[in-house]
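Here is the structure we will look at.
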């Protein structure tokens, strides 16, 4: 996926996080000293996730208000094998580890390098944010460059798969659901978050909204779909899941989201 758009100068290298961003970042406190915190901040030219590095210094993540995800994240991941699909800087993978997961694998196909360069005019090394935070945490999370469609290459099963902000960006959402289903062990779950739909007719139907290029984000031509709860339930059933539980359908920054659990 190579995104060709005008560079967007709106990214501010140093900016204070909003209260919403701090609330999420503070779930994963990092006990760096001031020198380490500043060096980590300077090491990465653009951050996707907001991290609290030392209680005062926060990375200026471009993923803004994720508070709507927090209530459905397990407080305790003990005994679980977790896979984070599309990890980017790895916030949720590191949070799973901090909350006791037995094993965490974080994957990303790293196509965001082209997206960051095209949209913001910034050259960002793949995996730079993830590696910087992993070093501060002395983390054991396993990072792999891997496309989500190639999950079968992992040859292991997971108890929980995190798939946030990904399925609306893939051309074959049913295919992605099928490969995630194959990687779940007995009783496994997928925590899925994606773009939703507006309009009563679509919200109550199994219809899928097909997005115009740049419809949701200026200069971003790679958001293809908006889903209703019924359409996600139908797709999940076709992919072999036994149950879809819709947790919430919030409006975030003026855009509909939907967040659910798919159970194997």
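The values are calculated or read from the model by the stated rules, or taken from the named source; none is laboratory data. On a predicted model such as this, the values are computed, not experimentally measured, just so you know. Neighbour counts run over all protein chains shown; Cβ positions are idealised from the backbone, glycine included.
A few comments on the model shown:
- Being under 19 Å from residue 26 (Cβ atoms), without any contact (Cβ under 8 Å) to a residue 40 or more places away in the chain and in a loop (DSSP other than H, G, I, E, B) holds for only one residue in 89, 75, and it is 75.
- Of all the residues in region 21-35, those that are outside any helix (DSSP H, G or I) and either farther than 11 Å from residue 57 by Cβ or touching a strand residue (DSSP E or B) at 6+ places or on another chain (Cβ under 7 Å) (or both) number 6.
- When 262, 191, 235 are screened for being over 23 Å from residue 92 (Cα atoms), surrounded by 20 or more Cβ atoms within 10 Å (Cβ to Cβ) and modelled with pLDDT of 95 or more, only 235 passes.
- Among the residues of region 173-220, those identified as out of contact with any strand residue (DSSP E or B) (no Cβ under 7 Å at 6 or more places or on another chain) and closer than 28 Å to residue 152 by Cα are 174, 175, 176, 177, 178, 179, 181, 182, 186, 187.
- Qualifying residue in region 1-20 (condition: more than 25 Å from residue 214 (Cα to Cα), at pLDDT below 90 and not in a loop (DSSP other than H, G, I, E, B)): yes
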